[in-house]
Amino acid sequence: MRSGPRIGVLISGRGSNLQALIDAIAGGRLRAEIAVVISSRADAQGLERAARAGIETLTIPHRDYPTREAFEQRLVRELRARQVALVCLAGFMRLLGRTFLDAFPNAILNIHPSLLPAFPGVDAQRQAWEYGTKVAGATVHLVTGDLDGGPIVLQRAIAVEDDDTPETLAARILEIEHEIYPEAAALVLGGGWTIDGRRVRRTRTH
Ligand code: GRF
């Protein structure tokens, strides 16, 4: 039986992080329920993952809306109708503006495949590899108006090996993404934290 606070997951593609959230809930590591998965693309593989898990799906392409605001209003309406307490962006390829951000203050998470603030934006794993960093990793952060710039909830690092390619590095980073995203969602939903400046600080031990 699924129960607990309700999550809305926004995707645009593969959906492996969505799968990690589904698996963590099924495995009892995340006490929550995914109320809806919304995709900006009809061909997103993540939609099949959601359907397999019996989760309601919606496809809302931004191109169907005259403005970003109208698109975001629709997203907000659907999420609110399902009483979502937390929104998880999981490979969602649209930038979100004030209409969306103001609707869910400190309740939107994103996962990014680098140790932020290093390498924001696209192709972060390749950026790290090309730069020649010796550690790489993944970050879960609260979403603000700054691209990949909100307060950090959780990070995990891995070593970059000499024989790594951008692809092998991205694959190992993806493994830790799948660990830390459910952990971060559990932490945020569990409460007992506060934001100090831009630092997410625990006020009690979980
Ligand atoms: C992940 O690497 C995530 O960090 C980034 O987009 C990718 C999405 O992958 N934001 P998936 O759709 O979750 O498999």
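The dipole here belongs to the chain: it is taken about the Cα centre, uses +1 on the Cβ of Lys and Arg and -1 on the Cβ of Asp and Glu, and is about 920 debye.
Tell me the mean residue ellipticity at 222 nm calculated for the chain from its helices only (DSSP H runs of n ≥ 4, each -39500 (n - 2.57), averaged over every residue, nearest 500).
Values: 6 runs with 70 residues, N = 206.
Estimated from H runs of four or more residues: -10500 deg cm²/dmol.
Please report the net charge: other residues with Cβ closer than 13 Å to the Cβ of PHE119, K and R +1, D and E -1.
Numbers: positive: ARG126; negative: ASP123, GLU130, ASP148.
Net charge in that neighbourhood comes out at -2.
Phi-derived couplings, Karplus 6.51 cos²θ - 1.76 cosθ + 1.60 at θ = phi - 60°, listed residue by residue for region 36-51: 7, 10, 10, 10, 7, 10, 5, 9, 5, 4, x, 5, 5, 4, 5, 4 Hz, with x used for Gly and Pro. Here the relative contact order of the chain, from alpha carbon pairs under 8 Å that lie six or more residues apart, stands at 19 percent. One Cα centroid belongs to region 98-177, the other to region 9-43; the line between them spans 18 Å.
Here's the picture: a label point sits 7 Å out from the Cα of GLN83 along the beta-carbon direction, and within region 4-34 the residues with their amide nitrogen under 18 Å of it are 4-9, 31-34.
A Cβ-based charge dipole, computed about the Cα centre of region 1-74 with Lys and Arg at +1 and Asp and Glu at -1, lands at about 180 debye.
With a Förster radius of 35 Å, plug the Cβ-Cβ distance of TYR131 and ARG98 into 1/(1 + (r/R0)^6) and report the FRET value to the nearest 0.05. The formula returns an efficiency of 0.60 here. The slack between ARG204 and ALA157, meaning 0.36 nm per residue of separation minus the straight C-alpha distance, is 14.5 nm. Modelled this way, with points 7 Å down the Cα-to-C-beta line, the labels at GLU56 and ASP196 are 4.0 nm from one another. Taking the three principal axes of the alpha carbon atoms in region 49-173, the coordinate ranges are 49, 33, 27 Å, sorted in descending order. Among residues other than ALA157 with Cβ under 15 Å from its Cβ, the summed charge is -3 (Lys and Arg +1, Asp and Glu -1).
The residue among LEU89, VAL135, GLY121 whose Cα reaches farthest toward the positive pole of the charge dipole of region 75-196, with charges on the beta-carbon of Lys, Arg, Asp and Glu, is LEU89.
Any read-out appearing in this document is the output of simple, stated calculations on the displayed coordinates, not a laboratory observation. As the structure is a prediction and not an experimental result, all values here were calculated from the model. Note: ideal-geometry Cβ built from the backbone for every residue, glycine included; neighbour counts use all protein chains shown.
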